[in-house]
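What follows is a single structure, written as structure tokens, with notes after it.
The values are calculated or read from the model by the stated rules, or taken from the named source; none is laboratory data. Being a predicted model, the structure only gives us computed values, none of them experimental. A quick note on method: Cβ atoms are made from the backbone with ideal geometry, for glycine too, and the neighbour counts reach across all protein chains shown. Each accessible area value is taken on the protein alone, full model and side chains, heavy atoms only, with ligands, DNA and RNA left out. Shrake-Rupley method; radii C 1.70, N 1.55, O 1.52, S 1.80 Å.
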Amino acid sequence: MANIKKEKNRDAFIPTSSMSDIAFLLLLFFMVSTVFVQEKKFWVERERWPLAESIERVPRNHTTTIYVMRDETILIDDIPTRIESSEDVFVSTTLIRKKEEDPELVVCFRTDRETKYGVMSDVMRQLQDAQTLVVTFETQKRAD
Amino acid sequence: MKIGRKRKAKAEIPTSSMSDIAFLLIVFFMATTKFDVKEGIRIVLPQATAEGSEQVQSLTLTENEMTRLQITEDGRLAVNKDAPRDYESGELDVLIQQKLKLNQQMIFKVITDRDATYNDMIRVVDRLKAADIEKISLSTN
């Protein structure tokens, strides 16, 4: 009669030696992709943006952001400016330069919802002068 | 007397808790990371033309071709020649659909008072965008 050997149960084992490598890889990804947003002196908090329903996403790579505060201060490239007269063309000159660097430039407005429309109209006029015609008004998604 | 040789202790850095530390750091970064996605209402502005330029053509559009939505300084809305009044979002949607029934290619001209708020303009443009209207003109008085 043949001798039948009892099969030994193998120990279940999950290799964990490379776990820390994976963890560090993930860590590296988050460290590289994280940009800490610094609180600026001039800033329009998300809570101050208008609410809207029909919003679309804008790819970040061709965008530049213009902040318009309630006191009509305009912030472009971290430089505050104001439009008091037709001679204040800082916005258009800045955008002409930016448009030369990136012809697909999209201007995103982060505007306080209580800002008077007049200043927005003046800024948009300068955008037209700079041939920067694609704009996005950043809004919060309205929760229904 | 027998003097025993001292055994050299093996130098070792304990690495067993390394993954715990790494995962803790990951959790921190995952919790603090907020992807800065840009979302909003997209508009294409018309080309600027100098006053008196030959490119400027005056067009006379009828009410069947263009609807004027005039926003007053207190945020009320006047449609074409009607008196300004408050519109709820639903009412505005119905009005837009009525205008589109008249003409699918209807142009909507949003004329916002300089003293009206930006929010008033966005509220109207949002309803137009919700109705998939692309022919939106923004101006001020």
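Which one of B:LEU138, B:LEU77 is open to solvent by less than 10 Å² (accessible area, probe 1.4 Å) and either at negative phi or modelled with pLDDT under 90 (or both)?
Checking each option against the conditions leaves just B:LEU77.
Restricting attention to region A:54-71, report how many residues are open to solvent by 60 Å² or more (accessible area, probe 1.4 Å), within 7 Å of another protein chain (Cβ to nearest Cβ) and either assigned to a loop (DSSP other than H, G, I, E, B) or acidic (Asp, Glu) (or both).
1
Is at least one residue of region B:100-107 within 14 Å of another protein chain (Cβ to nearest Cβ), open to solvent by less than 30 Å² (accessible area, probe 1.4 Å) and touching a helix residue (DSSP H, G or I) at 6+ places or on another chain (Cβ under 9 Å)?
Looking through region B:100-107, none of the residues is within 14 Å of another protein chain (Cβ to nearest Cβ), open to solvent by less than 30 Å² (accessible area, probe 1.4 Å) and touching a helix residue (DSSP H, G or I) at 6+ places or on another chain (Cβ under 9 Å).
Given the criterion at pLDDT 85 or above, more than 19 Å from the chain's Cα centre (by Cα) and facing another protein chain (nearest Cβ under 7 Å), identify the matching residue among A:ASP129, A:ASP122.
Only one candidate qualifies: A:ASP129.
Does A:ARG113 qualify as being part of a loop (DSSP other than H, G, I, E, B) and surrounded by fewer than 21 Cβ atoms within 10 Å (Cβ to Cβ)?
Yes: the conditions hold for A:ARG113.
List the residue pairs whose Cβ atoms are under 6 Å apart, where the first residue sits in region B:74-103 and is farther than 27 Å from A:THR115 by Cβ and touching a residue at least 12 places away in the same chain (Cβ under 8 Å), the second is open to solvent by less than 80 Å² (accessible area, probe 1.4 Å) and in a strand (DSSP E or B), and the two are 6 or more positions apart or on different chains.
What qualifies is B:LYS99/B:THR67.
Which condition number in (1) on the phi < 0 side of the Ramachandran plot; (2) modelled with pLDDT under 90; (3) touching a strand residue (DSSP E or B) at 6+ places or on another chain (Cβ under 6 Å) is the one that B:VAL56 fails?
For B:VAL56, the exception is condition (3).
Taking region A:93-107 only, how many residues are part of a helix (DSSP H, G or I), of a type outside the set (A, V, I, L, M) and open to solvent by 30 Å² or more (accessible area, probe 1.4 Å)?
6
If we keep just the residues of region B:23-41 that are farther than 30 Å from A:VAL106 by Cβ and within 7 Å of chain A (Cβ to nearest Cβ), which is least open to solvent (accessible area, probe 1.4 Å)?
B:ILE26
Do we find that B:ASP132 is open to solvent by 40 Å² or more (accessible area, probe 1.4 Å), assigned to a loop (DSSP other than H, G, I, E, B) and at the interface with chain A (Cβ under 7 Å from one of its Cβ atoms) in this structure?
no
For B:VAL94, are the conditions met, namely being touching a strand residue (DSSP E or B) at 6+ places or on another chain (Cβ under 6 Å), in a helix (DSSP H, G or I), at negative phi and among the hydrophobic types (A, V, I, L, M, F, W, C)?
It is false that B:VAL94 is touching a strand residue (DSSP E or B) at 6+ places or on another chain (Cβ under 6 Å), in a helix (DSSP H, G or I), at negative phi and among the hydrophobic types (A, V, I, L, M, F, W, C).
I'm trying to understand the selection: among the residues of region A:72-92, which are surrounded by 11 or more Cβ atoms within 10 Å (Cβ to Cβ) and free of Cβ contacts under 8 Å to residues at least 12 places away in the same chain?
Answer for region A:72-92, where residues must be surrounded by 11 or more Cβ atoms within 10 Å (Cβ to Cβ) and free of Cβ contacts under 8 Å to residues at least 12 places away in the same chain: A:THR81, A:ARG82, A:ASP88.
Which one of these does A:THR93 not meet: (1) more than 13 Å from chain B (Cβ to nearest Cβ); (2) more than 23 Å from A:GLU45 (Cα to Cα); (3) at pLDDT below 90?
So the condition that A:THR93 fails would be (3).
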